[in-house]
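The values are calculated or read from the model by the stated rules, or taken from the named source; none is laboratory data. Model, not experiment: these values are computed from the prediction. All Cβ positions, even for glycine, are placed from backbone atoms using ideal geometry, and neighbour counts span all protein chains on display.
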Amino acid sequence: MEYIYAAMILHSADKDINEANVKSIIEAAGLDADDSRIKALIAALEDVDIEEAIATSAIAAAPA
Amino acid sequence: MEYIYAAMILHSADKDINEANVKSIIEAAGLDADDSRIKALIAALEDVDIEEAIATSAIAAAPA
Amino acid sequence: MEYIYAAMILHSADKDINEANVKSIIEAAGLDADDSRIKALIAALEDVDIEEAIATSAIAAAPA
Amino acid sequence: MEYIYAAMILHSADKDINEANVKSIIEAAGLDADDSRIKALIAALEDVDIEEAIATSAIAAAPA
Amino acid sequence: MEYIYAAMILHSADKDINEANVKSIIEAAGLDADDSRIKALIAALEDVDIEEAIATSAIAAAPA
Amino acid sequence: MEYIYAAMILHSADKDINEANVKSIIEAAGLDADDSRIKALIAALEDVDIEEAIATSAIAAAPA
Amino acid sequence: MAHVAEWKKEEVKTIKSLIDSHEVVGIVDLLNIPAKQLQKMRQTLKDKATIRMSKKNLIDLAFEDSNVKKENIVGLSKFMEGQPAMVFTDMNPFRLFKILEDSKTAAPAKAGNIATDDIVVPAGDTGFEPGPLLGELQQVGIPAKIDKGKIVVSKDHVVVKAGEEVSKQVAGMLTRLDIHPMEVGIDLKAAYEDEAVYTSDVLTIDDEETLISIQNAFSSAFNLSVNAGVPTKETIVAIIQNANSKSFNLAMNASILTSETTEPLLALAQSEMLALASAVSDSEGALDEELIE
C-alpha cells in the first residue's frame, strides 16, 4: 500500500501526483522505488476522480 | 478496472493470465495497453487464488 | 461470465458495448465468440442503466 | 491527514515511525514539516496498535 | 403459478395485465385457460403494487 | 426477466422449454421475441436442473 | 547577584544544568497534589523524567541564564503558578503530557472544588438502609425512594454542572455515596522543546481521534486502490471481489443468464412469484391449490 499512501499524501497536500513526487516520497520512506509500479499507479489514477474513489466504499456489503 | 476485468475473462475462460493475453484483451477493447499496469496486475495476482477470492466475496453492490 | 466481463471492460473504458467490440474482446481472450450469446447480451443490456445495475446489489439478505 | 499517511507508509514499509522518518516523507511531498504536529503524531501513535486499528476498521483487511 | 408468472411477464414487459393478455399467455404455454381464475387474479392484483410486492421477495441464493 | 418468467411458466406447466414455446409466450405477451435471447436462455438452461436451482437457492418470500 | 545567598546561586546553577542537559522542560503546578500521589508520580516517571520544585524567582533566573543556549525558554515563565515545579525529560513533550494525564486518579470532591465535568449521581441502589440519608438526598434534589428495603436513586441526576462549585452539602453527600468526581494529578501547564513552548491545549492527544484517523487513512487508501484498480497485496483480493460483484450485479439486474447467474435468476423468478402470490393470497380463487398450500 506504500504507493497508494504516497498518492494519498500528495492528494491531501494538494500536490501533483506524478512520478517524481511519488518516487521521492517512497525513497524518503527508506524504500527502493519501483519505477514500473509508480508508472502503473500514475496511469491508473489519471482518469480517476480521487475524491470520489476515496469516498466510495470498495467492499461489497456482506448479506447479513 | 479494465485490467482486472481482462484478467477475470482469462480466468473464467481458463486461459493463462499473462502479459500478452491481458494486453491483447485491452487492445481489443480499443484501449492503449499500459505495460506497467499489466505488469503490476500480473505481479499482484501471482499470490492470489482468484477462485477462492470470488467464492469468499459477499456478492453485493458496494454501499454508496 | 466472460461476456459480462467483456461488457464491463467496455463500460469501464467508456467504449460502446456493441457486438463488434464484445466479439473482439472475447476472441482476444482466445475464445470462440458465440454470436447469438453476444446478440443476447447486447439485447439484454439495451434498456439497462449499467451504472445503476452494477451498483444495485442483486442478492437480498437471507431471511433470518 | 498527510502526517497520518506518512506514518502509514512507514508502517506498511515496516520502517520505524519516528520524527526523522515522518519529517523526511513530509518534506519529500514538498510540504513544510511542522515539528509539533510530528511530535504529537509520534506520541499519539505510541499507544496505538496500527495493525489492530486497521483490522478493526470498517474495512477489514483482505485475508493475506 | 403459471397465472402469476403470466402476470409478471406482462408487468415486466410494461403491458396491461388484463384478462385477454393473461389468457393468451396461458394458452401460448399450451395450457387451458381457466377464465374464473384469471378474473380472480386480475381482481386481486388491482389493489397490489406489483413492483413493491416483488421487491419484498428475499432471495439468498449463494452463487456457487 | 420476461424470458426467464416464460421458462418458468413452461416449467411449472410441465411443458418442454424450447425455442418455439418460449417464443410463443413472449409474443403472446405482445413483445417482439428476440431469437438470440431465447437461444441464450435455452442454452443456459440446458445444464441446469430447474427444480434443484429453485430448491437449493434458499428462497423465501420476505416476511410481510 | 552580590546579595544573593550562596544556596540560591547553587540552586540556580543546578536548575540551569538540568535545563541544559534535557531536551524538554515542562512546568507543572504541585499545589493541591497530595504528597503520596507526587511520590507515585515520581516512581512512574523514574528514568524518564525528573520533577524538581523550586522558587519561582530562582527558576526565572535559571531560565534567563539558559536562554542563550535554549532560546525562548523564558517563555515558560508565565505558566508558573501555585506551587510551580519543573519537569525535565528527553521524552517528546506530547508523550510527557499524556503520561501525566493518564496517571490522574479519581478523588472525592471537597467543598469549593470546581467541577470539570457534570457530576452525576447515577440511578440505582445506594446500598443504604432507609434512614436520614433519604431526606438528605432529596434535599439536594436527587430523586430517591425506598425500594426493597434500600435507598434507591430513581434516575441519573446531575448534582453539579461542569464549571460550578461543589457545595459542602453536596460534597459530603458524594463522599457518602462513594462517588469520586474529581481528577487529581499533575497538570503539565506548558513544555519547552527546541525553541517552542507548547501549552496544554496543544499538547492534548485524543486517542480516539488517532484511532479514527488511522482507520480513515486506511479506508481511504483501500478504497482508492480498489476503485481505481491499483493492485496491491493488501487489496488485490478486494479488487477481484469488487469486479466480480459488479459483474454479477449487472448480470442479475439485466437478467443475463451466465454460468454464475442462471440458477440465482431462476430462484429469483420463483421468489418474486411467491412474493406476488402472497400479496394476492387473501383473494379467493386468485391462486391455484399448489400455491395456497
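All of (1) within 14 Å of chain E (Cβ to nearest Cβ); (2) part of a loop (DSSP other than H, G, I, E, B); (3) buried (at least 18 other Cβ atoms within 10 Å of the Cβ) hold for C:Leu31 with one exception: (1). Here region A:48-58 is the region considered, the condition is being at the interface with chain G (Cβ under 9 Å from one of its Cβ atoms) and not in a helix (DSSP H, G or I), and the residue that is surrounded by the most Cβ atoms within 10 Å (Cβ to Cβ) is A:Ala58.
Return a yes/no flag: does region G:72-83 have any residue that is among the basic types (Lys, Arg), in a loop (DSSP other than H, G, I, E, B) and in the same structural domain as G:Val12 (by TED's automatic domain parsing). Looking through region G:72-83, none of the residues is among the basic types (Lys, Arg), in a loop (DSSP other than H, G, I, E, B) and in the same structural domain as G:Val12 (by TED's automatic domain parsing).
I'd like to know if region G:236-253 contains one or more residues that are more than 14 Å from chain C (Cβ to nearest Cβ) and of a type in the set (S, T, N, Q). The answer is no; no qualifying residue exists. G:Ala217 passes every criterion in (1) within 14 Å of chain C (Cβ to nearest Cβ); (2) surrounded by 22 or more Cβ atoms within 10 Å (Cβ to Cβ); (3) over 18 Å from B:Leu45 (Cβ atoms) apart from (1). Within region F:9-36, being in contact (Cβ under 8 Å) with a residue 24 or more places away in the chain and under 11 Å from the mean Cα position of the chain (by Cα) holds for F:His11, F:Ile17, F:Asn18, F:Ile26.
Exactly one residue among G:Ile240, G:Ile212 is hydrophobic (A, V, I, L, M, F, W, C) and surrounded by fewer than 17 Cβ atoms within 10 Å (Cβ to Cβ), and that residue is G:Ile212.
Residues of region G:27-42 that are assigned to a helix (DSSP H, G or I), surrounded by 12 or more Cβ atoms within 10 Å (Cβ to Cβ) and hydrophobic (A, V, I, L, M, F, W, C): G:Leu38, G:Met41. Of all the listed residues (C:Ile42, C:Ile38), the sole one being farther than 28 Å from G:Ser271 by Cβ and either of a type in the set (A, V, I, L, M, F, W, C) or part of a loop (DSSP other than H, G, I, E, B) (or both) is C:Ile38. The set of residues in region G:245-261 being buried (at least 24 other Cβ atoms within 10 Å of the Cβ), within 19 Å of E:Ile9 (Cβ to Cβ) and without any contact (Cβ under 8 Å) to a residue 12 or more places away in the chain consists of G:Ile256, G:Leu257. Selection of helices (runs of 4 or more DSSP H) fully inside region G:143-254 by the criterion of at least 1 residues being over 20 Å from the mean Cα position of the chain (by Cα) and either at pLDDT below 90 or over 30 Å from G:Phe88 (Cα atoms) (or both) returns G:168-176, G:207-227, G:236-253.
If you scan region D:5-17, which residues turn out to be at pLDDT below 95 and at the interface with chain G (Cβ under 10 Å from one of its Cβ atoms)? The one that is at pLDDT below 95 and at the interface with chain G (Cβ under 10 Å from one of its Cβ atoms): D:Ser12. Just one of the numbered conditions (1) surrounded by fewer than 18 Cβ atoms within 10 Å (Cβ to Cβ); (2) in a helix (DSSP H, G or I); (3) not acidic (Asp, Glu) is not true of G:Phe63: (1). Counting only residues that are modelled with pLDDT under 90, out of contact with any strand residue (DSSP E or B) (no Cβ under 7 Å at 6 or more places or on another chain) and hydroxyl-bearing (Ser, Thr, Tyr), region F:19-64 holds 1 of them.
When you look at G:Asp201, is it on the phi > 0 side of the Ramachandran plot and loosely packed, with under 15 Cβ neighbours inside 10 Å, yes or no? So G:Asp201 does not fit the description; no.
Checking region G:146-156 against the condition returns a match, with at least one residue being within 20 Å of G:Gln169 (Cβ to Cβ) and either touching a Gly at 6+ places or on another chain (Cβ under 8 Å) or in the same structural domain as G:Arg52 (by TED's automatic domain parsing) (or both). The residues of region G:84-94 that are touching a helix residue (DSSP H, G or I) at 6+ places or on another chain (Cβ under 6 Å) and assigned to a loop (DSSP other than H, G, I, E, B) amount to a single one, G:Asn92.
Residues in region B:6-22 that are of a type outside the set (A, V, I, L, M, F, W, C) and either crowded, with 23+ Cβ neighbours inside 10 Å or part of a helix (DSSP H, G or I) (or both): B:His11, B:Ser12, B:Glu19, B:Asn21. Here G:Val230 qualifies as more than 29 Å from D:Ser36 (Cβ to Cβ) and out of contact with any strand residue (DSSP E or B) (no Cβ under 7 Å at 6 or more places or on another chain).
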